[in-house]
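Please treat every number below as a calculation from the coordinates, not as lab data. All of these numbers come straight from a predicted model, not from anything done at the bench. Reconstructed Cβ throughout: ideal geometry from the backbone, glycine too, with neighbour counts over all protein chains shown.
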Amino acid sequence: MKKRVGIEALAVAVPSRYVDIEDLARARGVDPAKFTSGLGAREMAVTDPGEDTVALAATAAARLIQQQGVDTSRIGMLVVGTETGIDHSKPVASHVQGLLKLPRTMRTFDTQHACYGGTAGLMAATEWIASGAGAGKVAIVICSDIARYGLNTAGEPTQGGGAVALLVSEQPDLLALDVGLNGTCTMDVYDFWRPVGRREALVDGHYSINCYLEALSGAYRGWREKALEHGLVRWSGTMPGEQLARIAYHVPFCKMARKAHTQLRLCDLEDAVGPGPGTPEAREEVAKSSASYDAQVATSLGLNSRIGNVYTASLYLALAGLLQREGAQLASQRIGLLSYGSGCMAEFYSGVVGEKAAERMARADLEGVLARRERVSIEEYERLMKLPSDSPEAKAPAPGTFRLAEIRDHKRIYVEGGAA
Ligand code: HMG
């Protein structure tokens, strides 16, 4: 019998501060509706240099182990997907191994491909387990990033930061993946990039949206072909994409998920066999259906709208938000997931929500994680943004979290807050 493999549990770490997106709009002289309804944002996570990629990753992994009672001797692989690396050579994963005193027998490495890096890690871990090479061990995949475009840029309201740690195993209580049915699409484009040595990303914003949509189309069609072949979806009654109970998208800003969903529906409408809306205009109209967006996508965006873009972690925040809200109703139902990373790469995959999803998500205490944050003014946010990345403030970490304390002889030294 084929192994069931997928995500057993997850945990989320967020920076300790955030700004209200309407405060940011007012400070920039922009109509707040542009950020709230135009981009779909409510709040935006703000990091200080002490809350770097390692600190967020270690906090998320420690939380996962503690909340879900993970037996650390069973961890055989630790992967960190990030595009906010802190060293050209030493991986974030090795810091996490040391900080959490995880087994020295593990395989550890980082994966990088813009926002797609976390999914690359998830697939490596899943296929390692599915192949039997894991020999009964489990994997932890951490997506940890800080999205930073800079003050007074068009990308500014789409910043954010945080980490999601995923436990991957043969007991997929959250999501059993349809291993091998993934659809992929890659293109060599300069839509968003961060040359070595720069803290802020460079982005061709509107072009990046088009790249996302084009890559989505290729990845979705690739998945759909395999899903049709395996009888997971059909060209009868409703469209194949509508046969997925929910779809979680990569969310650089919430409005993007609406655009993505319209594009996915257009793929089905354009390729449909049999009668359907004939003209491109009619197809566009049906693709934009608010009812379909409300039913399949909207409930996944609660966390994203309050944290902002977290690059590799954004898709997994959408998954977390979805299962937090609807884990019980979705048990045994198939959902779709679309990962996108600039540069670019898209992957569409699917999985079946586990019977214990609601119970596992309750342990993740996501409301508590958000409630412990402090709202800061725009002046304070600007002060934090201007701090040099190598000089963290002397601040005690909150219980159960890690912070970068100092960099000594080019070595990063972290401290851990007391018991959570
Ligand atoms: P912009 O040019 O300032 O905004 O930047 P805009 O003029 O396009 O307006 C945005 C939306 O607000 C539009 O809605 C406006 O109509 C609406 P749309 O037409 O798109 O539906 N709007 C209003 N709504 C209500 N009231 C108003 C109002 N005014 C305007 N008064 C942009 C927007 C997203 C380009 C910018 O923020 C940016 O460059 N962000 C960063 C890039 C990005 O997020 N790209 C997404 C795709 S690429 C990706 O996802 C990969 C990524 O995560 C990185 C990685 O892979 O590592 C970014």
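Structure above, values below:
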quantity: Length-normalised contact order for the chain - Cα pairs under 8 Å, 6+ apart - percent; calculated: 25 percent
quantity: Separation of the residue 235 and residue 380 label points, Cα + 7 Å toward Cβ, nm; calculated: 5.7 nm
quantity: Tensor-based shape of the stretch 6-416 (alpha-carbon gyration tensor, a/c under 1.5 rounded, otherwise prolate or oblate); calculated: oblate
quantity: The stretch 331-359-the stretch 181-238 distance, computed between alpha-carbon centres (Å); calculated: 14 Å
quantity: DSSP-assigned coil residues among chymotrypsin sites (Phe, Trp or Tyr not before Pro) in the stretch 200-284, each with at most 16 further Cβ atoms within 10 Å; calculated: 235
quantity: Cα-based shape type of the stretch 20-84, given that a ≥ b ≥ c are square roots of the gyration tensor eigenvalues and the cut on a/c is 1.5; calculated: prolate
quantity: Axial C-alpha extent at least 30 Å, average Kyte-Doolittle at least -1.0 - helices from the chain (DSSP); calculated: 205-229
quantity: Listed residue pairs exceeding 26 Å between alpha carbons, taken from 3/226; 3/356; 255/356; 2/101; 137/356; 101/395; calculated: 255/356; 2/101
quantity: Neighbour-count ranking [beta-carbon atoms within 10 angstrom, fewest first] of 113, 88; calculated: 88, 113
quantity: Low-density loop cleavage sites - trypsin sites (Lys or Arg not before Pro) in the stretch 152-247, where at most 13 other Cβ are within 10 Å (DSSP); calculated: 198, 199, 234
quantity: Cα gyration tensor shape for the stretch 35-166, rounded if a/c is under 1.5, else prolate or oblate; calculated: prolate
quantity: Loop trypsin sites (Lys or Arg not before Pro), the stretch 1-94 (other Cβ atoms within 10 Å of the site Cβ: 10 or fewer; DSSP); calculated: 2
quantity: Neighbourhood charge, 12 Å Cβ-Cβ cut-off, centred on residue 286 and excluding it, Lys, Arg +1 and Asp, Glu -1; calculated: -3
quantity: FRET efficiency, 1/(1 + (r/R0)^6) with R0 51 Å, evaluated for residue 109 and residue 289 via beta carbons; calculated: 0.75
quantity: Residues 267, 115, sorted so that the one with the fewest Cβ neighbours within 10 Å comes first; calculated: 267, 115
quantity: Residue-by-residue Karplus 3J(HN,Hα) for the stretch 348-355, coefficients 6.51, -1.76, 1.60, Hz, glycine and proline x; calculated: 10, 9, 9, x, 10, 5, x, 5
